[in-house]
1. Which residues does the label zone of Ile78 cover in the range 118-152, counting backbone N under 12 Å from a point 7 Å along Cα→Cβ?
2. Quick one: which of 304-316, 606-618 comes out on top by average Cβ neighbours within 10 Å, and what's the full order, highest first?
3. Take each of the peptides 70-78, 368-376, average the number of other beta-carbon atoms within 10 Å over its residues, and list them starting from the highest.
4. Take each of the peptides 176-187, 141-152, average the number of other beta-carbon atoms within 10 Å over its residues, and list them starting from the highest.
5. Which residue, chosen from Gly142, Gly177, Val122, occupies the Cα position most advanced towards the positive end of the dipole of the range 106-209, where the dipole is computed from +1 (Lys, Arg) and -1 (Asp, Glu) charges on Cβ about the Cα centre?
6. Using +1 on the beta carbon of Lys and Arg, -1 on that of Asp and Glu, and nothing else charged, what's the dipole of the range 321-366 about the Cα centre, debye to 20?
7. So what's the convex hull volume per residue for the Cα atoms of the range 75-155, in Å³?
8. Where in the range 320-410 are there trypsin sites (Lys or Arg not before Pro) that are in a DSSP coil and have at most 15 other Cβ atoms within 10 angstrom of their Cβ?
Amino acid sequence: MDGVVVRKEGRVFGPVKRLVFKPLERRVFGPLRERRLFRPVMILAAVLLVLVAVFVVNRALASTFTVDSTADRVDTSIGNGACRTSVGTCTLRAAIQEANATPGHDTIEVAAGVYELGIPTVNDDLPSTGDFDITDTVTITGESAAATIVDGGVPLPSSEPEARGIDRLFEIHPTSGNVTFSNLTLREGFTPEDGAAIQNWSPRLLSLNNVHVKDNLATGVGGGINNAEPSEYDYETDPLTFPKSGRVEIVNSTLSGNASGGGGAAVNNSGTGTVAILAGSKVVDNPGEMIPDPQDPEGVIPGPGVYEPSAGAIANQAEFDSIGTLKISDSTVSRNYATADGAGVANLGSGTLTIERSTFTDNTSEAEGGGVYSTGGRMTITGGTISGNHANEGAGIYSGGANDKAGLRSRVTITGVKVEENIAVAAGGGISSDGEAQIEITDVEITDNTAGDAGGGLNNGDRAGLTLTRVKFMGNITNDEGGGAWSGAERQLTIRDSLFTKNKSGVPEMEDGVPEPGDALSDPSANIAGGGGLYTQSGPAEVSKTNFIENTATDEGGGLSIDNFGDFKFSDSVVRNNKAGTDGGGLENSGFRVTFEDLLITGNRAELDGGGIYNSSSAPFNVLDTTIEKNSAIDGGGIANAPDNDLVGKRSRILRNTARN
């Protein structure tokens, strides 16, 4: 009708007007007009009402689809709001097709059963074939992870021999909003590309709650889940601005038996996105159990039904030098095996890795970092345990210390962690650090770790700066120097309020270089090394309020061996009951500009010279306000000073020492 405006309140906005606008007009806006506050309050109210209206619209438009068939069939009339196949059932594929076509956050309820992919991709990868394509906001929920299983189906005869499914399981496209999977198992997806269970392109949030991601294989990256960079998506027409990479949250879920040719056998964060593994999640047995190789007694091969190992379980890939974020909290990462760096987790490039209150145990890398590996960027580990891991170097934790593109140094912070019983074939049984990193280790116990090379508990080299505060090195052993720790970095070493006890250096090597029960000892005379507690060389160092007790070296320096070119100061500490196979039962000094101040050096034993201290430095060596007593050696029970070396002693006491010669 001309000149007439017809308002249709409808089923959504009618209730909003009746329940919201009219009461506000009567009780709020009327009095405000009288007080001249009407305009500003109306602006605020309008904003709030728009938000309320959007929420109501979304709730009104959202649909719930209940899957009642395990078959893989398409929807007959996509977009009509009814999940129905040609045989009158609602399948998982049909429900996803309807959810994609229906506005709002839809829910798909999946009953107990095994839902196999059953429609192979022939030419083009369409929503009606191959994997399940998600293009809108949706929640897919099953009865439980044990009862509701989405499976890759039966591979075609032409498939790769290692494939167990016909395609990946889910591809989440950039148009998707928030996507949630809950109470499901995602099993045996396969792709020659990335993300065998889930390939996520969404710029929003992907959530997995009580989901088991199991036995999936990607030839590329992300055997289980890949959080991809949307800029790499194959758009029909590229957008003017590419969406940002999204966030993945994995809560109370298990990822096991997965493998990939590239990064992240279980989960991979490709670029600038974020992956968070939280709240009781378990990343375990990726790709699965390794068994002894019958052709090589020292090697291993995949057990029955286990994929070939390659990448570590979790990766921050840093594709195209991007900076991603990876967080692991209150979770377990265990029994993963990799030929590459970081069997448990690998933080590559300049990414950010945060680990909180988590357990990394029994992971094995044939390269570096059995438990945790970081190339550079920022790595923060707080609380938790890192134990029983194996690697070539840095079996528990390895930091590569690479600078970022701007030349900024990487940062490593480790606080309140137990690092124990890790084994490295080469250096750094517990922790190894190289490169340019600045490392802060506080309130950490480094216990019973083993290394074939330097640093049974910790190895610090190159130009990495290291500060240790309230760190305990206990019972670590190495076939080389530095039973507790070895530091040869050019930058400052600072140790405060710490303890080195019962560590051993120069332990005779085993047959295969890695100590294991039943291995035979080699000739002890063929392998001797110094610094039972600590061996330092190269850059400047300051050690204070740190005790060296009952450490053993088969060569010199039972407690501490010093070979620094930079200044070295050792103060306010106790050196007690250490043993050296040659010189310097307590301490051996061949460093440059070394000062000992306010020390108690007692009860130490050298098999040759210098029961308390052996000095072979030609540079100034000051011993101030120090007590040296009850030590023993063949010569120089308290102190042995090699010829032509300067030793200055002031306000010190040397008493009751024994020369056994």
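1. Those under the cut-off are 125-130, 132-136.
2. Those peptides, ordered most packed to least, come out 606-618, 304-316.
3. Per-residue Cβ counts within 10 Å, averaged per peptide and sorted highest first, yield 368-376, 70-78.
4. Details: 176-187: 22.1, 141-152: 19.7.
Peptide ranking by packing, descending: 176-187, 141-152.
5. Gly142
6. Values: 3 positive and 6 negative charges, 29 e Å.
Here the size comes out at about 140 debye.
7. Numbers: hull volume 8.0 nm³, N = 81.
So the per-residue Cα hull volume is 99 Å³.
8. Details: sites: Lys327, Arg335, Arg357, Arg378, Lys405, Arg409; in loops: Arg335, Arg357, Lys405, Arg409.
In loop regions of the range 320-410 (DSSP not H, G, I, E or B), the sparsely surrounded trypsin sites (Lys or Arg not before Pro) are Arg357, Lys405.
The values are calculated or read from the model by the stated rules, or taken from the named source; none is laboratory data. For clarity, every value in this text was computed on a predicted model and none was experimentally measured. FYI the Cβ positions are ideal-geometry reconstructions off the backbone, even for glycines, and counts take in every protein chain you see. Just the protein is used for accessible areas: all its heavy atoms, side chains included, with ligands, DNA and RNA removed. Shrake-Rupley method; radii C 1.70, N 1.55, O 1.52, S 1.80 Å.
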